[in-house]
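Below: one structure, written as structure tokens.
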Amino acid sequence: MDLQLNGMNALITGGSRGIGRAIAEAMAGEGANVAICARGEDGVNAAVESLSAKGVTAFGQAVDVGDGDALKAWVEAAADALGGIDNIVSNVSGGNGRTEENWRSNFEHDMLGTVRMVEAAMPHLEKSGNGSILVISTTAAIETFIGPHSYNAIKAALLNYSGALAQEAGAKGIRVNAISPGPIMIEGGAWDNIKQHMTPFYESTLAGIPVGRMGTAEEVAAQAALLASPLGGYTNGTNIVIDGGFTKRIQF
């Protein structure tokens with residue numbers, strides 16, 4: 001299927017590994033030019049090299065999205081490097097926990113990182129004709145999981161923000177959607193670490209997934225690319241849950 005992303009310009013935070021990297025690879029594979037940022041310069045450089053090999057323009061910088069000025073500067077630099085912005089994907093998270101430091105980190109990275117990215121990119125998105133904003137949340141935002149942690153609550157706030165923003169931005173020709181992945185197995189990622197060091201918890205979580213396995217970053221990326229594409233042009237203000245049936249609420 002041709003997603004009609006060829007020649008479009010996409011920005012992805014946290015794009016050097018994991019779900020963000022998979023989204024960048026999926027977009028580039030469809031012919032979109034991509035800009036990524038992440039905190040580690042070596043990881044960014046390696047990702048840019050891989051993305052460029054797909055024959056698209058790829059741009060990357062080492063940026064901590066909790067630094068508002070640096071994030072906004074990256075958005076402008078990416079717009080210059082790619083020649084505009086059609087799609088943005090807010091993917092970075094500030095971790096998880098219950099301390100005040102955890103709460104501040106999630107607020108600065110997840111919440112304000114998204115808001116600042118949106119505000120910086122909005123003038124460019126308004127010129128796109130296929131403007132799309134995608135927020136990566138989590139099933140922990142829609143159903144109780146583990147406990148009252150900062151990650152869960154701030155990601156839930158992002159769903160409220162993206163839903164309200166969709167109503168406002170839609171009139172400007174910009175769609176806003178969210179994806180809430182369930183347990184996703186990524187080599188070296190959170191669930192890989194849990195499998196190695198918290199095996200009973202990993203096994204109990206796996207047992208609660210009807211399809212019998214955890215998801216992949218590529219499965220999330222495929223949905224992200226579709227939502228960003230013109231083929232997803234009538235999807236606005238929704239939250240796509242990708243979890244193999246792990247959450248038990250009925251999806252009305």
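Report, by residue number, each residue of the range 113-127 that is in contact (Cβ under 8 Å) with a residue 60 or more places away in the chain and either closer than 14 Å to V92 by Cβ or open to solvent by 30 Å² or more (accessible area, probe 1.4 Å) (or both).
Of all residues in the range 113-127, those in contact (Cβ under 8 Å) with a residue 60 or more places away in the chain come to 113, 117, 121.
Selection gives G113, M117.
Which residue pairs have Cβ atoms closer than 8 Å, lie 6 or more positions apart in sequence or on different chains, and pair a first residue in the range 93-108 that is of a type in the set (K, R) with a second residue that is open to solvent by less than 60 Å² (accessible area, probe 1.4 Å)?
Every condition considered, the pairs that remain are R98/G147; R98/H149; R98/S150.
Identify, please: which residue in the range 147-167 is open to solvent by 30 Å² or more (accessible area, probe 1.4 Å) and either of a type in the set (S, T, Y) or in a strand (DSSP E or B) (or both) and is, among those, farthest from Q4 (Cα to Cα)?
Per the criteria, the residue is Y151.
For the range 54-69, give me each residue that is more than 17 Å from the chain's Cα centre (by Cα), of a type in the set (G, A, S) and open to solvent by less than 30 Å² (accessible area, probe 1.4 Å).
Correct list: A58, G68.
Would it be correct to say that N96 is more than 15 Å from the chain's Cα centre (by Cα), closer than 27 Å to K248 by Cα and not hydrophobic (A, V, I, L, M, F, W, C)?
yes
Looking only at the range 71-99, which residues are closer than 17 Å to R21 by Cα and among the β-branched types (V, I, T)?
I88, V89, V92
Restricted to the range 11-53, and to residues that are charged (D, E, K, R) and without any contact (Cβ under 8 Å) to a residue 40 or more places away in the chain, which residue is surrounded by the most Cβ atoms within 10 Å (Cβ to Cβ)? Working first, answer last.
First, pick out the residues of the range 11-53 that are charged (D, E, K, R): 17, 21, 25, 30, 39, 41-42, 49.
The next check asks that each one be without any contact (Cβ under 8 Å) to a residue 40 or more places away in the chain; those that pass are 39, 41-42, 49.
Working: R39: 15, E41: 13, D42: 10, E49: 11.
Ranking the candidates gives R39 first.
Quick one: which of T138, T144 is open to solvent by less than 20 Å² (accessible area, probe 1.4 Å), without any contact (Cβ under 8 Å) to a residue 60 or more places away in the chain, hydroxyl-bearing (S, T, Y) and under 21 Å from G245 (Cα atoms)? Please lay out each step first, then the result.
Working: T144 fails: open to solvent by less than 20 Å² (accessible area, probe 1.4 Å).
Testing whether each residue is open to solvent by less than 20 Å² (accessible area, probe 1.4 Å), without any contact (Cβ under 8 Å) to a residue 60 or more places away in the chain, hydroxyl-bearing (S, T, Y) and under 21 Å from G245 (Cα atoms) leaves just T138.
If I go through the range 1-31 residue by residue, how many of them are among the aliphatic types (A, V, I, L, M), touching a Leu at 6+ places or on another chain (Cβ under 7 Å) and assigned to a loop (DSSP other than H, G, I, E, B)?
First, the residues of the range 1-31 that are among the aliphatic types (A, V, I, L, M): 1, 3, 5, 8, 10-12, 19, 22-24, 26-28.
Pick out the ones that are also touching a Leu at 6+ places or on another chain (Cβ under 7 Å) and you get 3, 24, 27-28.
When the remaining residues are screened for being assigned to a loop (DSSP other than H, G, I, E, B), the result is 3.
Result for the range 1-31: 1.
Would you mind finding the one in A221, A228, A178, A190 that is among the small types (G, A, S), at pLDDT 95 or above and within 20 Å of Y151 (Cα to Cα)? Step through it out loud before you land on a result.
Details: A221 fails: within 20 Å of Y151 (Cα to Cα); A228 fails: within 20 Å of Y151 (Cα to Cα); A190 fails: at pLDDT 95 or above.
Unique residue meeting the criteria: A178.
Enumerate the pairs (first residue in the range 73-88 and under 19 Å from R175 (Cα atoms); second residue anywhere and open to solvent by 20 Å² or more (accessible area, probe 1.4 Å) and assigned to a helix (DSSP H, G or I)) with beta-carbon separation below 7 Å, excluding pairs fewer than 6 apart on the same chain, so at least 6 apart or on different chains.
As it stands, the answer is A79/H124; G84/H124; I85/H124, since those pairs meet every condition given.
The values are calculated or read from the model by the stated rules, or taken from the named source; none is laboratory data. None of these values were measured; they are calculated from a predicted model. For neighbour counting, all protein chains shown are included, and Cβ atoms are generated from backbone atoms with ideal geometry for every residue, glycine included. Areas reflect the complete protein model, heavy atoms only, side chains present, ligands, DNA and RNA absent. Shrake-Rupley method; radii C 1.70, N 1.55, O 1.52, S 1.80 Å.
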